[in-house]
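Visitor: Provided herewith is a single structure, encoded as structure tokens, for subsequent inquiry.
What follows is calculated from the coordinates using simple rules that are stated; it is not laboratory data. Small disclaimer: the values here were computed from a predicted structure and weren't measured. Cβ sites come from the backbone with ideal geometry, for glycine too, and all protein chains shown count toward neighbours.
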């Protein structure tokens, strides 16, 4: 199971969110399994209804079947067209922005980019590359790097780049595009993202600077029988990683010998889970993404944890919000998973030198053009990963994410992390919903994960 936390895929389904926003404390909690199957912001395309013809309707207003869409997708996902081909699964807003940049690049260079929106991008890549029917480039979070490198999906362009990676990008961004244990470069980084604290300035004058202050605010505002909560917070491994790893343990690491290491059985990891369970007392009982975000969006909670993808959601819904730094934790430090958005270079670029040169030119242009970097920061809350960035010139909404990136650790790219997500999420659900013992649940999750690795 791969987690997708890249901007453009995490969206709020406004209708269902608003319908669920009034959940109260005595409702039956919803566990993370259900959340991941539905509306926790993963694997959504974010298409909005506007009363007109949509992508699901044809020009005559007739509803299109999934079979028709699949046939169109297959027909449109051309490879070998233009001077280079790109697949993406951006939502409509991000796609509009991307089209603007590709048009500008084509006008400047005379090169032609064949751009295709592809549903189920991961599945299409996994079938397309081995069959030779794949593009030269695609964008995704860095957590595909090791898996796709090991499977031969990616090309090493370290000897072909015309820019100095270390001079252009932050250390974390450079590390993100290099498969573990290699000097290969399989992509170029263009943005960073993680989560931090949001607050409603109409409800509180200043954000809490410490965890204890945050807890005090949550206690003061929590009144669930009236649909008011002290804090809202989506719940899964990714979202609560800041707490789980706050006292030094790491959910997953690979040691120098290449062996996977779990921190689930360490006391410091249990301490982090206990920290989050205390906050859960002041949250909506439903663990779904939508009710957690909607209570804050509707002005029914003063505090909220989320990532940069929520900035546009809140702006679109006229939410009163500001972005703050992660609160300080006595004896520890909030340590969220952080991700780097990457333009990947497919192994297909090795089939044609001209297409390879065009792909690298586009990748270097897109990732180092100041106007694009600034646009991602201003419009999406993305943290720039170029070394030229001046923190003091960043938009206010981005500074909180910038500091959170500095505190965070890269989301694991090792494929064995895929066996960690579900057992740990099951344990988190049992702890929060059933008040199960933390050590017992995390121990059982660790045993299940290790068994899956054998």
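Visitor: How much length, in nm to one decimal, is gained on full extension between residue 126 and residue 317, taken as 0.36 nm per residue of separation minus their Cα-Cα distance?
Guide: 65.1 nm
Visitor: Moving on to the next point. When N is the residue count of the stretch 277-354, what does its C-alpha Rg come to as a fraction of 2.2 N^0.38 Å?
Guide: Working it through for the stretch 277-354, the quotient is 1.64.
Visitor: Compute the distance in nm between two label points, each set 7 Å from the Cα along the Cα-to-Cβ direction, one at residue 167 and one at residue 375.
Guide: Between residue 167 and residue 375, the simple spin-label model gives 2.6 nm.
Visitor: How far, in nm, would the chain grow between residue 448 and residue 328 when pulled straight, counting 0.36 nm per residue and subtracting the alpha carbon separation?
Guide: 39.9 nm
Visitor: What relative contact order, as a whole-number percentage, does the stretch 162-295 give when Cα pairs under 8 Å and 6 or more residues apart are counted?
Guide: Relative contact order comes out at 19 percent.
Visitor: Can you compute the FRET efficiency between residue 204 and residue 183 using 1/(1 + (r/R0)^6), with r the Cβ-Cβ distance and R0 = 56 Å? Round to the nearest 0.05.
Guide: My answer for the efficiency is 0.70.
Visitor: Can you compute the FRET efficiency between residue 107 and residue 436 using 1/(1 + (r/R0)^6), with r the Cβ-Cβ distance and R0 = 45 Å? Round to the nearest 0.05.
Guide: With a Förster radius of 45 Å, E is 0.15.
Visitor: Given a Förster distance of 25 Å, report the FRET efficiency between residue 96 and residue 352 from their Cβ-Cβ distance, rounded to the nearest 0.05.
Guide: E between residue 96 and residue 352, to the nearest 0.05, is 0.25.
Visitor: Which residues in the stretch 125-143 have a backbone N closer than 16 Å to a point placed 7 Å from the Cα of residue 175 along the Cα-to-Cβ line?
Guide: 142-143
Visitor: Can you put 388, 249, 131 in order of Cβ neighbours within 10 angstrom, beginning with the fewest?
Guide: In order of increasing Cβ crowding within 10 Å: 131, 388, 249.
Visitor: Next up: Where does each of 256, 290 land when they are ranked from fewest to most other beta-carbon atoms within 10 angstrom?
Guide: Fewest to most other Cβ atoms nearby, the residues stand as 256, 290.
Visitor: Quick check: pseudo-label points 7 Å beyond the Cα along Cα→Cβ at residue 393 and residue 361, how many nm apart are they?
Guide: For the pair residue 393/residue 361, the computed spacing is 2.8 nm.
Visitor: Placing one identical point scatterer on every Cα of the stretch 349-391 and ignoring solvent, what is log10 I(q)/I(0) from the Debye formula at q = 0.30 Å⁻¹?
Guide: -0.99
Visitor: Then there is this: In what sequence do 251, 163 fall when counting other Cβ within 10 Å, fewest first?
Guide: Taking fewest neighbouring Cβ atoms as first place, the list is 163, 251.
Visitor: From Cα pairs below 8 angstrom and at least 6 apart in sequence, can you work out the relative contact order of the stretch 215-280, rounded to a whole percent?
Guide: 26
Visitor: Now for a separate question. How far apart, in nm, are two points set 7 Å out from the Cα along the Cα-to-Cβ line at residue 278 and at residue 266?
Guide: 2.0
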